[in-house]
Amino acid sequence: MNEQFITSILENTIGTMIENKNSIMSIAVVMKKEHIKKRDELAEIKKQLPIAFDKTKQLRAKDLKLRNAMLKASTQFTEEGYKSLEELFAKVNEVHDAYINAEKEEYTLIRRRDALELELKQSIIMIEKAEGVARQLMISLTYLQNSLFRFNEPDQEAAHVEEEEGVQKYLEFFSYVEQEKVRIARDIHDGPA
């Protein structure tokens with residue numbers, strides 16, 4: 001194999017890996033945006049739930065009170081008692097329908113909250129995996145680029161060693177920054193550890 005052929009293979013491989021790394025990072029950015037939207041939706045639902053609980057509780061109490069009043073009114077066998085019973089029956093139906101709808105809304109909010117919490121946990125895992133793959137690609141790219149450079153200029157070994165040390169420090173710093181991003185994302189989602 002000639003040197004030009006090997007150089008061409010390395011350059012093509014590096015180009016493909018850069019494209020793949022950029023694609024993975026783009027996917028991670030989209031996933032983070034979706035994560036933020038879901039987190040905001042979850043926060044809104046958590047604000048709505050206590051209101052829904054109170055509404056359901058109040059309607060349940062009102063429904064019970066009206067049903068007891070209707071029970072009392074049903075013991076009055078007069079014309080006036082009959083009219084009172086009809087009015088109470090209409091109110092009971094109205095309040096009971098509102099109570100049933102409030103329970104449905106509450107149940108829907110609870111189900112959505114639970115689903116969002118699960119989706120958020122899963123999205124954090126997927127974002128971390130995507131960022132991990134991108135980091136690995138960066139490391140591999142750096143190695144391949146250094147190898148290509150060394151292959152093309154074998155006389156400059158000392159410069160390569162110094163450059164490799166600089167690259168290693170950069171990769172360590174990059175890894176630290178990425179770990180901090182993951183920690184901050186967890187803290188934002190779950191609260192501080």
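Applying a 10 Å radius around every beta-carbon, put 15-24, 51-60 in order of their mean neighbour count, most first.
Numbers: 15-24: 13.7, 51-60: 15.2.
Per-residue Cβ counts within 10 Å, averaged per peptide and sorted highest first, yield 51-60, 15-24.
A 1.4 Å probe run over segment 31-98, with the rest of the protein chains in place, finds 77 Å² accessible per residue. Subtracting the Cα-Cα distance of residue 89 and residue 121 from 0.36 nm times their residue separation leaves 6.7 nm of extension gain.
Note on residue 181 and residue 169: their simple-model spin labels are 2.3 nm apart, each label 7 Å out from Cα toward Cβ. For the pairs 65/104; 121/169; 38/104; 33/104; 55/91; 46/91, flag any whose C-alpha to C-alpha distance is greater than 26 Å. Result: 121/169; 33/104; 46/91 exceed 26 Å.
The values are calculated or read from the model by the stated rules, or taken from the named source; none is laboratory data. Just so it is clear, the structure is predicted and the values come from calculations on it, not from any experiment. Note: ideal-geometry Cβ built from the backbone for every residue, glycine included; neighbour counts use all protein chains shown. Just so you know, the surface numbers come from the protein's heavy atoms only, side chains and all, with ligands and any DNA or RNA stripped out. Shrake-Rupley method; radii C 1.70, N 1.55, O 1.52, S 1.80 Å.
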